[in-house]
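See below for the structure under consideration.
The values are calculated or read from the model by the stated rules, or taken from the named source; none is laboratory data. Bear in mind that the values here come from a model prediction, so they are computed numbers and not experimental data. Note that each Cβ is placed from the backbone with ideal geometry, even for glycine, and that neighbours are counted across all protein chains shown.
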Amino acid sequence: MTLNTHARALPRTAVLAAALATTTLFGACAPLLIGGAMVGGSMMAVDRRTSGTQVEDQAIELKAGSRIGEALADRGHVSTTSYNRMVLVTGEVPTEADKTTVQDTVSRIDNVRSVVNEITVAGTSSLTSRSSDVLITSKVKASMVDAKDVQANSFKVVTERGVVYLMGRVTEREAGRATDIARGVSGVQKVVRLFEVITDAELANVQPAPAK
């Protein structure tokens with residue numbers, strides 16, 4: 001996957017956002033590497049979760065997608081994101097009963113620690129709305145990369161109907177800085193923090209060892 005050569009004339013954040021959106025929309029493209037960190041993909045070497053937890057999170061998302069599909073059939077549009085076994089559920093379903101069904105279905109999956117149910121009881125969002133959310137997520141990630149005082153790869157960003165959800169194992173300073181960055185991105189209606197806040201000492205223990 002290559003970027004148009006005209007992109008060099010654009011601001012760096014705009015170029016990064018365009019690249020990230022392309023990576024998100026076209027799964028067949030290779031993940032984008034910026035400064036040695038993978039954006040739009042996953043690198044276990046720089047993730048603050050253990051490798052075992054990362055595998056568990058991937059399994060939880062796969063199981064959740066399958067079981068929600070079985071429970072709801074074609075009713076609604078639901079997405080699940082698992083980070084450190086905390087599962088964020090977003091999207092739209094037609095009834096409160098369906099929302100409860102999703103909650104119960106996800107909570108019964110092995111290794112799920114908690115469920116944050118942010119589903120809206122409403123009609124299914126349009127393709128235009130979802131495309132806008134993809135772009136907002138990409139712009140937030142690109143802005144974090146541009147900021148340089150946060151490790152962008154330490155945050156998971158999810159956007160639904162203009163609401164940005166931030167997940168990750170981060171310090172209080174990182175949490176505040178990332179929140180400010182997300183709030184400054186155009187199109188963001190609200191920022192919801194779902195962080196696991198850790199101390200500086202805990203951060204030092206989960207940071208990758210320096211290369212020798």
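Summary table
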read-out	value
The range 62-78, residues that are over 12 Å from residue 91 (Cβ atoms) and not in a helix (DSSP H, G or I)	73, 74
Residue list for the range 87-99, filter: among the hydrophobic types (A, V, I, L, M, F, W, C) and either in a loop (DSSP other than H, G, I, E, B) or touching a helix residue (DSSP H, G or I) at 6+ places or on another chain (Cβ under 9 Å) (or both)	87, 89, 93
Residues located in the range 45-61, provided they are out of contact with any helix residue (DSSP H, G or I) (no Cβ under 7 Å at 6 or more places or on another chain), in a helix (DSSP H, G or I) and surrounded by fewer than 16 Cβ atoms within 10 Å (Cβ to Cβ)	45, 52, 55, 58, 59
Qualifying positions in the range 79-122 - touching a Gly at 6+ places or on another chain (Cβ under 9 Å) and under 22 Å from residue 48 (Cβ atoms)	80, 83, 84
Number of the exception - residue 125 against (1) assigned to a loop (DSSP other than H, G, I, E, B); (2) of a type in the set (S, T, N, Q); (3) free of Cβ contacts under 8 Å to residues at least 12 places away in the same chain	(3)
Scope the range 186-202; condition within 13 Å of the chain's Cα centre (by Cα) and touching a residue at least 40 places away in the same chain (Cβ under 8 Å); matching residues	192, 194
Subset of the range 132-165 (residues that are without any contact (Cβ under 8 Å) to a residue 24 or more places away in the chain and either touching a Phe, Trp or Tyr at 6+ places or on another chain (Cβ under 7 Å) or surrounded by fewer than 17 Cβ atoms within 10 Å (Cβ to Cβ) (or both))	148
Residue within the range 177-185 that is of a type in the set (Ser, Thr, Tyr) and in contact (Cβ under 8 Å) with a residue 24 or more places away in the chain present	no
Test: residue 30 is at pLDDT below 75 and surrounded by 13 or more Cβ atoms within 10 Å (Cβ to Cβ)	no
Options 102, 157, 115, 106; residue that is within 22 Å of residue 69 (Cβ to Cβ) and in a strand (DSSP E or B)	115
Candidates 105, 80, filtered to the one that is under 23 Å from residue 131 (Cα atoms) and either touching a Lys or Arg at 6+ places or on another chain (Cβ under 8 Å) or touching a residue at least 24 places away in the same chain (Cβ under 8 Å) (or both)	80
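Results for (1) touching a helix residue (DSSP H, G or I) at 6+ places or on another chain (Cβ under 7 Å); (2) on the phi > 0 side of the Ramachandran plot, shown as yes or no for each residue.
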site	(1), (2)
164	yes, no
168	yes, yes
188	yes, no
201	no, no
